[in-house]
Amino acid sequence: MTEEDEAAFDEFLAARSTALLRTAILVCGASAHDAEDLVQHALEKVYRHWSRIRHDNPESYARRTVVNAAISASRRRRVIQEITFARPPETLVDDPDVELRDALLAELRRLPARMRAVLVLRYWEDLSEAETAALMGCSAGTVKSQAARGLARIRERVGTLEGVFG
Amino acid sequence: MRLEEELAGAMEAHVADVHAGPSMGAAVRRRHRARGIRSRTAGAALATAVVAGAVPAYLALDAGATVPSETAAPAPGLGAPSALWTEAPPAPPTATADPDTTADPDASPSEDGSPAMPQDLGDLGDGRRFGGVRFGYLPEGLKWGEWSVKNTFGTTSYSTTWVEPGLEPGMYSVQAVVYRDGAARQAAERMKGYRKQGSEAVVIGGERVHLVRAGEAVGKITEDGTPTALWTEAPGLAVEVMLSPDYAGRLGGKETERELRRIVEGLEPTG
């Protein structure tokens, strides 16, 4: 890579690495430390092809790489997750908002990896159905149905806490 | 409030305090260098596996020689001096290595002090004994590269490197792969592929050895590829030795071949 490529990669990291790290945490349900390892691995792929992709939407390429890696990692972690998150936390929480957030995240983690990724991309990254579909390599219809089913599962499990979703 | 909004808020709150560290770029580049070693070795190994349509392996020793056509390619006989290496002017010694590996402009030792390279075989000392063989000869001035992998190149396989002092971590001067069992059978298949390409084994120390230049691209043997020796040492045991193109460039073509021959001759199975 040229010096210009290297500098552009550094600028890209400065602008995007935090967002990619957050996406990885949400999609794979890992700790920040584990997610950082995953993101470094994914960004090495981006770096490898940087000269070619830097002028052609590197953000999309990087996000796709991170999401795919996070989905794979999530599948490997699934058994652990189900043990860890199968039950609501027993600790009493005074703040109902915090309690609800924790419950939502717990249920989000219980979803299948691709379904969870759809919810993260649609509602946290705020991508459109078409953008999410392009990133995940599926149809917009699949994104729509996965999002609807994911929300329905969460609503079913968490709805009793709040009773107002719908 | 709608569930989508609550969920978005929960996700936002969960990661709001997460920030990528300032060392992300250095960490990514370190991984890239570490991967360079694996992929170069894998490339050299795989290059021997898929050889159909590759350029003839034989290059004249004379300076300025070009790759001959397949029909004109000389086929060295057993024991005859092989004519595999173009004689390039020796390059001045530098502390850099392969040009295909991007140097990290911020190159520095790992901040946390942890080894960036795999250590599958543990501390090999001088690195000469592993995988059931001992390398009795190595070019002068090299030291063990302090990393190793097991089964990266098939089951069962072992690999490590030796380096010139001053090379950056992740670079190599000489790399060896020991193949056993299934991996040895795959290596034998690769040698068949060499033969189909026009290579004839030369006899070194009683073994029939393929000396070729293996390109980076899978299946390609190129004029500027990695100088490689591949042979079957015993049933179920094959060995591959590579000199990095940079190191070979400093040695010159004739000395590169001499060193490869000495390494082959010096190899002993240890059980």
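Of all positions in the range A:47-60, at least one carries a residue that is surrounded by 17 or more Cβ atoms within 10 Å (Cβ to Cβ), touching a residue at least 12 places away in the same chain (Cβ under 8 Å), in a helix (DSSP H, G or I) and at the interface with chain B (Cβ under 10 Å from one of its Cβ atoms). Against the criterion of being β-branched (V, I, T) and surrounded by 19 or more Cβ atoms within 10 Å (Cβ to Cβ), B:T270 does not qualify. Taking the range A:119-148 as the range and being part of a helix (DSSP H, G or I) and within 12 Å of chain B (Cβ to nearest Cβ) as the test, the residues that pass are A:L119, A:V120, A:L121, A:R122, A:Y123, A:W124, A:A147, A:A148. Within the range A:104-116, being aliphatic (A, V, I, L, M), touching a residue at least 40 places away in the same chain (Cβ under 8 Å), assigned to a helix (DSSP H, G or I) and within 12 Å of another protein chain (Cβ to nearest Cβ) holds for A:L104, A:L108. Scan the range B:236-271 for residues that are out of contact with any helix residue (DSSP H, G or I) (no Cβ under 7 Å at 6 or more places or on another chain) and either small (G, A, S) or closer than 19 Å to B:R190 by Cβ (or both) and report the count. Of the residues in the range B:236-271, 11 are out of contact with any helix residue (DSSP H, G or I) (no Cβ under 7 Å at 6 or more places or on another chain) and either small (G, A, S) or closer than 19 Å to B:R190 by Cβ (or both). The residues of the range B:119-167 include none that are basic (K, R), touching a residue at least 40 places away in the same chain (Cβ under 8 Å) and in a loop (DSSP other than H, G, I, E, B).
Since every read-out is calculated from the coordinates, none of them should be taken as a lab result. Being a predicted model, the structure only gives us computed values, none of them experimental. Please note: Cβ atoms are built from the backbone with ideal geometry, for glycine as well, and neighbour counts cover all protein chains shown.
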